[in-house]
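Please read through the structure below; I'll follow up with questions.
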Amino acid sequence: MSNNEYLPDGCDEEWEFMSRFSLADAPECCICGFKIEVQANGWAEGHNPSPILEHGRCCGVCNDTIVIPARMDILFSALNGGDDNG
Ligand SMILES: [Zn+2]
């Protein structure tokens with residue numbers, strides 16, 4: 001009996017390939033909880049999650065979709081003198 005029947009076709013192989021690298025002991029994203037991916041340049045330590053969280057590391061997806069937009073918000077708020085009437 002296999003519990004992997006609901007995995008999409010081809011997913012198995014890719015997952016095995018990836019876990020053979022460093023996913024097994026990769027740090028987990030402090031925002032979404034998934035393993036932090038190794039980047040093309042070999043960097044595997046994730047990203048600074050501030051201002052979302054002040055501790056831990058976050059994955060590239062959260063960095064791009066949550067952390068960066070939050071920083072932009074703060075930046076634009078600062079540029080507007082903290083006025084939120086935007
Ligand atoms: Zn994440």
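The values are calculated or read from the model by the stated rules, or taken from the named source; none is laboratory data. If you're wondering where the values come from, they're calculated on a predicted model, not measured in any experiment. A quick note on method: Cβ atoms are made from the backbone with ideal geometry, for glycine too, and the neighbour counts reach across all protein chains shown.
Residues His47, His55: which one is away from the ligand (no atom under 13 Å from the Cβ), of a type outside the set (S, T, N, Q) and at pLDDT 60 or above?
Every option except His55 fails the conditions.
Does Cys30 meet the test of being within 14 Å of the ligand (Cβ to nearest atom), at pLDDT 95 or above, assigned to a loop (DSSP other than H, G, I, E, B) and surrounded by 11 or more Cβ atoms within 10 Å (Cβ to Cβ)?
Yes, satisfied.
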